[in-house]
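The values are calculated or read from the model by the stated rules, or taken from the named source; none is laboratory data. All values reported here derive from a predicted model rather than from experimental measurement. Neighbour counts are summed over all protein chains in view; Cβ atoms, including those assigned to glycine, are modelled from backbone coordinates with ideal geometry.
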Amino acid sequence: AQSVTQLDSQVPVFEEAPVELRCNYSSSVSVYLFWYVQYPNQGLQLLLKYLSGSTLVKGINGFEAEFNKSQTSFHLRKPSVHISDTAEYFCAVSDLRSGGSNYKLTFGKGTLLTVNP
Amino acid sequence: DGGITQSPKYLFRKEGQNVTLSCEQNLNHDAMYWYRQDPGQGLRLIYYSQIVNDFQKGDIAEGYSVSREKKESFPLTVTSAQKNPTAFYLCASSTGTGATGELFFGEGSRLTVL
């Protein structure tokens, strides 16, 4: 079965600093990988996704992530964060054994990013 | 604007009562989902529906029921059999159940059992 581990439950940073949110997955087959963002008291919004091709994926709001198959990782990065990036970030995986189905998405437990002035 | 509307945003329930959470979408999406979110636990799938009049259990369906009589609507009933119903409930939809990974979420309903 697939699983997702987000290594940090909370990440505090100062405004304009770089940030990396870590995500590792476990699956015996090829996977599709996703990052979602949740602002306080709201639903989730897709930031970016890796389905195939280039391992460096760019998303909305200046975020990017790199798929590393050998490390089974999909870390999310931003070179300079803003106060408005304060939110919870979820990594999710869907493996090809299930056809990569949306209803087989497995979410990590989330990382709360807090950007301080 | 197109989107997903969940209501109510906040709901209080006494133990032993059933409660129904509404989810309506005007995105013309075929697939709809219900997730439960608990602090520090991520999202867990309760039920999903790929097409009208059909739905499937997710990972934590016990104590919940759903219906899909219209494409636009996917209400969730939290029954008295659900032992720990206090949580944040999220409804989502997608164009299909294929591997796009893009789910569109509502703003959630927070249920508190008194």
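Do any strands (runs of 3 or more DSSP E) entirely within region A:1-72 hold 1 or more residues that are charged (D, E, K, R) and within 14 Å of another protein chain (Cβ to nearest Cβ), and if so, which?
Working: elements: A:3-6, A:10-14, A:19-21, A:23-26, A:31-38, A:44-50, A:56-58, A:64-68.
In region A:1-72, the matching strands (runs of 3 or more DSSP E) lie at A:44-50.
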Residue check, A:Ser27 against (1) closer than 17 Å to A:Lys104 by Cα; (2) surrounded by 20 or more Cβ atoms within 10 Å (Cβ to Cβ); (3) small (Gly, Ala, Ser), all met but one. Which one? (2)
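For (1) at positive phi; (2) without any contact (Cβ under 8 Å) to a residue 40 or more places away in the chain; (3) of a type in the set (D, E, K, R), each residue gets a yes or a no:
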| residue | (1), (2), (3) |
| --- | --- |
| B:Gly2 | no, yes, no |
| B:Gln6 | no, no, no |
| B:Lys9 | no, no, yes |
| B:Glu15 | no, no, yes |
| B:Val19 | no, no, no |
| B:Cys23 | no, no, no |
| B:Asn28 | yes, no, no |
| B:Tyr35 | no, no, no |
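Restricting to region A:32-56, and then to whatever is surrounded by fewer than 12 Cβ atoms within 10 Å (Cβ to Cβ) and without any contact (Cβ under 8 Å) to a residue 12 or more places away in the chain, can you tell me which residue is nearest to A:Glu88 (Cα to Cα)?
From region A:32-56, those surrounded by fewer than 12 Cβ atoms within 10 Å (Cβ to Cβ) are A:40-41, A:52-54, A:56; that's our starting set.
Next, only the ones that are without any contact (Cβ under 8 Å) to a residue 12 or more places away in the chain stay: A:41, A:52-54, A:56.
Values: A:Asn41: 10, A:Ser52: 26, A:Gly53: 27, A:Ser54: 26, A:Leu56: 22 Å.
Going through the qualifying residues, I end up with A:Asn41.
Return yes or no: is B:Gly63 on the phi > 0 side of the Ramachandran plot, modelled with pLDDT of 90 or more and within 9 Å of another protein chain (Cβ to nearest Cβ)?
Values: on the phi > 0 side of the Ramachandran plot: yes; modelled with pLDDT of 90 or more: yes; within 9 Å of another protein chain (Cβ to nearest Cβ): no.
So B:Gly63 does not fit the description; no.
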Is one or more of the residues making up region B:97-106 farther than 30 Å from A:Ser52 by Cβ, of a type in the set (D, E, K, R) and either at pLDDT below 95 or surrounded by fewer than 16 Cβ atoms within 10 Å (Cβ to Cβ) (or both)? no
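For region A:85-103, enumerate the residues that are at pLDDT 95 or above and not β-branched (Val, Ile, Thr).
Of all residues in region A:85-103, those at pLDDT 95 or above come to A:85-91.
Of everything in region A:85-103, those that are at pLDDT 95 or above and not β-branched (Val, Ile, Thr) turn out to be A:Asp85, A:Ala87, A:Glu88, A:Tyr89, A:Phe90, A:Cys91.
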Mind listing just one residue for me: the one in region B:14-30 that is within 13 Å of chain A (Cβ to nearest Cβ) and within 13 Å of the chain's Cα centre (by Cα) and, of those, nearest to A:Lys109 (Cα to Cα)? B:Cys23
Go through region B:31-56 and count every residue that is within 11 Å of another protein chain (Cβ to nearest Cβ), surrounded by 12 or more Cβ atoms within 10 Å (Cβ to Cβ) and either more than 11 Å from the chain's Cα centre (by Cα) or in a loop (DSSP other than H, G, I, E, B) (or both). 8
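Of all residues in region B:66-89, which are within 12 Å of another protein chain (Cβ to nearest Cβ) and closer than 18 Å to B:Asn18 by Cβ? Even if it seems obvious, please write down each step before you answer.
Keep residues of region B:66-89 that are within 12 Å of another protein chain (Cβ to nearest Cβ), which gives B:88-89.
Result: B:Tyr89, single match.
Might you check whether a residue that is on the phi < 0 side of the Ramachandran plot, under 11 Å from the mean Cα position of the chain (by Cα) and of a type in the set (A, V, I, L, M, F, W, C) occurs anywhere in region A:12-21?
We begin by selecting, within region A:12-21, every residue on the phi < 0 side of the Ramachandran plot; these are A:12-15, A:17-21.
Still in the running and under 11 Å from the mean Cα position of the chain (by Cα): A:20-21.
Of the ones still in play, those that are also of a type in the set (A, V, I, L, M, F, W, C) are A:21.
Within region A:12-21 (the criterion being on the phi < 0 side of the Ramachandran plot, under 11 Å from the mean Cα position of the chain (by Cα) and of a type in the set (A, V, I, L, M, F, W, C)), the answer is yes, since at least one residue qualifies.
Within region B:69-87, track down each residue that is of a type in the set (D, E, K, R) and surrounded by 14 or more Cβ atoms within 10 Å (Cβ to Cβ).
B:Lys71, B:Glu72, listed by residue number.
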